[in-house]
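J.: Here it is, the structure, as structure tokens.
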Amino acid sequence: MSGTELADLFSRVAPVLVFFVAITVVAEIADGAGVFDVAGHWTSRAGRHRVLLLWLLFVLLAVVCTVFLSLDTTAVLLTPVGLAIAAQLGISPLPFAMTTLWLANTASLLLPVSNLSNLLSLHHFDELGVGHAGYVRLAAAPALAAVVGTLIVLWVFNRKDLRGRYEPDAPPEPHDPVMLRIAGGVCLAVGPLFALGLSPAWVSSVAAVVLVVTLGVRDRRSLSRLSVPWQMALGVAVLFVVIDVALRHGLQPVLESLAGSGTAPADLARVAGSGALTANVANNLPAYIALESVASDAPQRLMALLIGVNVAPLVTPWASLATLLWAQRCRARGLSVKPWTLAVQGLVCALVAAGLSVAALALAG
């Protein structure tokens, strides 16, 4: 790889990695400040002692968190919130666990910041004359269809646990009110700024700086406990280089035969299927990086690829980073779901959600 090629790759990757690190810091500080705990408390009170209504409100919380703060935030922070709510109210934790797992993936299509693969695709959409606003318009119908499909499958598999009522409301934990207000305000502000099309790297960086400074003033000792994913960011950077080299040395023709060409409904389904298969065999991020070169000749094909790598990596436990993070949080809370159950139910959800999403994309085009 020449110096020029490496510089071009760096210019693409750097903003994505900056966003990933910064939004993780924002999410960590917001969690420590109690933003998600309070959100869970409000959700349990708004549920009016009906399990189904509580679950639907939690669904809304998971979708909003995924769309505006990324799928990894939902997997890391909302999973323990949902399990804690279920434990406090004496109801089954499984619907809440599966909601965070599936919606973390299937709801990560609407905005560029919802998933790292979306951010990576932006320069291709720019080159195709679509841009940020055009991306959101193109993703709107498929994103809605993916969420609706997910809810249908969640209801089918968990309908018995979603009946009935609960008695107590989940109590909120005590928090620093100043830190809580500032962190909550920052989380509320970044969403609209992302949606307006401002640079995700800049918005998330400013948000992270504001919260780090505030945390340093309010509780300096907590700064030393702040987890910054430097190693993960480095691993992603190395992954980019490896796949770029592979594409330049024979991988491209193989992928072209896999993904096909054209924008007819069957062609879009083939692109999405290629992304889904590759993501579940390897991981959704390398799947996108490898396949974007053979799917970036038309906006519809690129969106179909995003459907495959965002919505469908639900079958294997390594298909997305969000799934690995979710499993870690579940184990920490004492919840274990059998791998075979996850695979079978995940396959059903992937087929329904991704299938409806591709159909919506084809109809919108």
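J.: From the phi angles alone, apply the Karplus equation (6.51, -1.76, 1.60; θ = phi - 60°) to segment 89-96 and give each ³J(HN,Hα) in whole Hz, x where the residue is Gly or Pro.
T.: Coupling constants for segment 89-96: 9, x, 10, 5, x, 4, x, 6 Hz.
J.: Under a GNM of the chain (C-alpha, springs under 10 Å), which listed residue has the highest mean-square fluctuation: Val64, Val26, Val238?
T.: Most flexible of the set in this elastic network: Val238.
J.: Right, next: Which shape class, rounded, prolate or oblate, goes with segment 68-174 when its Cα gyration tensor gives a ≥ b ≥ c as root eigenvalues, a/c under 1.5 marks rounded, and past that a/b bigger than b/c marks prolate?
T.: Judged from the Cα gyration tensor, segment 68-174 comes out prolate (a/c at least 1.5, a/b above b/c).
J.: Cα convex hull of segment 106-164: mean projected area in nm², to one decimal? Could you put the intermediate results ahead of the total?
T.: Values: hull surface 19.1 nm².
That works out to 4.8 nm², a quarter of the Cα hull's surface.
J.: Helix 131-158: angle to the longest alpha-carbon principal axis of the chain, degrees 0 to 90, nearest 10?
T.: With both axes taken from Cα atoms, the answer is about 60 degrees.
J.: I've got another one for you. Does segment 10-66 come out rounded, prolate or oblate by the C-alpha gyration tensor, with a ≥ b ≥ c the root eigenvalues, rounded set by a/c under 1.5 and, if not, prolate when a/b is larger than b/c and oblate if not?
T.: Because a/c hits 1.5 or more and a/b fails to exceed b/c, segment 10-66 counts as oblate.
J.: So, one more: For Met232, what is the net charge nearby, where nearby means another residue's Cβ is under 15 Å from its Cβ and Lys, Arg count +1, Asp, Glu -1?
T.: Counting the neighbours of Met232, the net charge comes to -2.
J.: Hey, another quick one. Calculated from the structure, semi-axes √(5λ) of the Cα gyration tensor in Å equals which of (i) 36, 22, 19; (ii) 38, 26, 18; (iii) 33, 25, 17?
T.: The value matching this structure is (iii).
J.: Would you calculate a helix-derived [θ] at 222 nm for the chain, using -39,500 (n - 2.57) for each DSSP H run of n ≥ 4 and dividing by the full residue count, to the nearest 500? List each step's numbers first, then the result.
T.: Details: 17 runs with 269 residues, N = 365.
Result for the chain: -24500 deg cm²/dmol, rounded to the nearest 500.
J.: Ok, one more. Check Arg165: other-chain or 5+ apart residues with amide H under 5 Å from its amide H, H built from backbone geometry?
T.: HN-HN under 5 Å from Arg165: Val51.
J.: Among Ala133, Ala146, Ala207, which one shows the highest mean-square fluctuation when the chain is modelled as a Gaussian network with alpha-carbon springs under 10 Å?
T.: With Cα springs under 10 Å in the chain, the top fluctuation among Ala133, Ala146, Ala207 is at Ala133.
J.: Can you tell which of Met232, Met179, Met98 shows the greatest fluctuation in a Gaussian network model of the chain with Cα springs below 10 Å?
T.: Comparing Met232, Met179, Met98 in a Gaussian network model of the chain, the most mobile one is Met232.
Read the figures in this text as sums done on the coordinates, not as results from a lab. All values reported here derive from a predicted model rather than from experimental measurement. In this analysis, Cβ positions are derived from the backbone assuming ideal geometry, glycine residues included, and neighbour counts consider all displayed protein chains.
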